[in-house]
1. Based on what the data block shows, is L31 within 20 Å of the chain's Cα centre (by Cα), modelled with pLDDT of 90 or more and under 23 Å from N126 (Cα atoms)?
2. Quick check on L181: is it more than 19 Å from K26 (Cα to Cα) and not polar (S, T, N, Q)?
3. I'm told P59 meets every condition in (1) assigned to a strand (DSSP E or B); (2) surrounded by fewer than 15 Cβ atoms within 10 Å (Cβ to Cβ) except one. Can you identify the failing condition by its number?
4. Could you say whether any residue in segment 26-41 is touching a helix residue (DSSP H, G or I) at 6+ places or on another chain (Cβ under 7 Å) and either hydroxyl-bearing (S, T, Y) or within 22 Å of N159 (Cβ to Cβ) (or both)?
5. Do any residues in segment 117-130 that are closer than 15 Å to I104 by Cβ have Cβ atoms under 8 Å from those of residues that are outside any strand (DSSP E or B) and polar (S, T, N, Q), where the two are at least six apart or on different chains, and which pairs are they?
6. Of the conditions (1) within 24 Å of V128 (Cα to Cα); (2) at pLDDT 90 or above; (3) not basic (K, R), S106 fails just one. Which one is it?
7. Taking segment 64-96 as the search range and keeping residues that are of a type in the set (K, R) and in contact with a Lys or Arg (Cβ under 9 Å, 6 or more places away or on another chain), which one is surrounded by the most Cβ atoms within 10 Å (Cβ to Cβ)?
8. Hey, any hits in segment 83-99 for a residue that's within 26 Å of L129 (Cα to Cα), within 15 Å of the chain's Cα centre (by Cα) and in contact (Cβ under 8 Å) with a residue 24 or more places away in the chain?
Amino acid sequence: MKIFKAIIFFFLYLIFTNSIAADKSKIINKLNSIDNIQFNFIQTTNQKVEKGKCTLAFPSKLKCIYKDKNKKELIVNKKMMAISQKRYGKTLFYPLSKSNFINILSKNELKKIINESNTTIDDYLNIVLINKDDSKTLIRFNKKDFLLAGWISKDQYNNEVIFEIDIISINQMVDDKIFTLPSRG
């Protein structure tokens, strides 16, 4: 009886791992066909909910406009990230290397992570990324269409940040000027 259970477990394990490998392959195939996406987002940090719209263009360009009273904008252009609060005329600049964005915004890096990382499944296909500081980021993909669905990570204050996305368009014409960083000073 124990041998029978072991054989069943082994076959179920093989089926599950083959299914995950097939899902990873489908995600990568989908990524290969995408140059840019536009999406609405909901970002939740410590019960604080922020919403807005973003344009992501591979490689490493992102612009998000938040729907808030401070007129917050986030722009990533290759190696720098700028977060502006237009209401106050204030902009902070950060090197992209200090952000988890660097792994998600580079299609080649993202494909590498998908191939090499563990996967968990709940409502999403979750790619488990172990960051340089040993923290984890879950990069989430929809199970139906294998498109990016968001991520869960920790911010610099160790708060959990849940970033959910709803893609509204793929491979539309995007003016590269929208990714121009604001001037310093």
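The values are calculated or read from the model by the stated rules, or taken from the named source; none is laboratory data. None of these values were measured; they are calculated from a predicted model. Using ideal geometry, Cβ is built from the backbone for each residue, glycine included, and neighbour counts are taken over all protein chains shown.
1. yes
2. Spelling it out, L181 is indeed more than 19 Å from K26 (Cα to Cα) and not polar (S, T, N, Q).
3. Here P59 meets the rest and fails (1).
4. So the first thing to find is which residues in segment 26-41 are touching a helix residue (DSSP H, G or I) at 6+ places or on another chain (Cβ under 7 Å), and the list is 27-28, 31.
With the extra rule that they be either hydroxyl-bearing (S, T, Y) or within 22 Å of N159 (Cβ to Cβ) (or both), the set shrinks to none.
No; the residues of segment 26-41 include none that is touching a helix residue (DSSP H, G or I) at 6+ places or on another chain (Cβ under 7 Å) and either hydroxyl-bearing (S, T, Y) or within 22 Å of N159 (Cβ to Cβ) (or both).
5. That search, which allows pairs on different chains as well, returns I127/S117; V128/S117; L129/N100; L129/N103; L129/S117; I130/S117.
6. Every listed condition holds for S106 apart from (2).
7. Out of the qualifying residues, it is K72.
8. Scanning segment 83-99 turns up at least one residue that is within 26 Å of L129 (Cα to Cα), within 15 Å of the chain's Cα centre (by Cα) and in contact (Cβ under 8 Å) with a residue 24 or more places away in the chain.
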